[in-house]
Amino acid sequence: MAVVLVAAILLLLCGAYFFVDPATSHLAPKCAVKTLTGYDCPSCGGQRALHAVLHGRLGEAFMLNPFLMLAVPYVLLIAYSLLSKSRFAMRVGRVVGHPAMIWGYVALYFVWWVVRNTHWWLSLVG
């Protein structure tokens with residue numbers, strides 16, 4: 001039952017982001033970190049990236065937030081390993097849930113946070 005509820009909420013959110021462009025709409029929430037500090041957080045650009053993905057613009061989504069676009073498969077594998085009872089899901093869960101994998105992901109998250117606020121990255125995405 002909980003899986004159906006989560007899926008319904010995700011579908012509603014995707015529907016909202018299909019019709020509402022976060023780049024131009026005042027309905028989309030703004031990033032608190034960016035508002036308070038002026039720096040991009042690791043997830044900044046995520047709403048615009050989701051909007052771009054829903055419209056088939058994968059390259060644009062990747063440029064808006066490459067870390068987030070690469071993290072989605074990892075998060076989906078975690079969800080699959082937690083929700084499925086299959087033997088394959090259990091094997092996947094041992095890999096994606098391994099402490100080294102989790103700590104590696106967390107480390108990359110913070111590295112991305114620094115890199116995306118460097119002059120090098122800002123000049124790259126211009």
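The values are calculated or read from the model by the stated rules, or taken from the named source; none is laboratory data. Source: prediction; values computed, not measured. Neighbour counts are summed over all protein chains in view; Cβ atoms, including those assigned to glycine, are modelled from backbone coordinates with ideal geometry.
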**Study point:** Complete set of residues in the stretch 96-126 that are touching a residue at least 12 places away in the same chain (Cβ under 8 Å) and among the β-branched types (Val, Ile, Thr)
**Key:** 96, 125
Revision key, fill the gap. Residue hits (the stretch 105-126; under 14 Å from residue 45 (Cα atoms), modelled with pLDDT of 90 or more and not basic (Lys, Arg)) are 112, 113, 117
Check your understanding: (1) under 27 Å from residue 4 (Cβ atoms); (2) under 11 Å from the mean Cα position of the chain (by Cα); (3) modelled with pLDDT under 90: which one isn't true of residue 79, the others all being true?
Key -> (2)
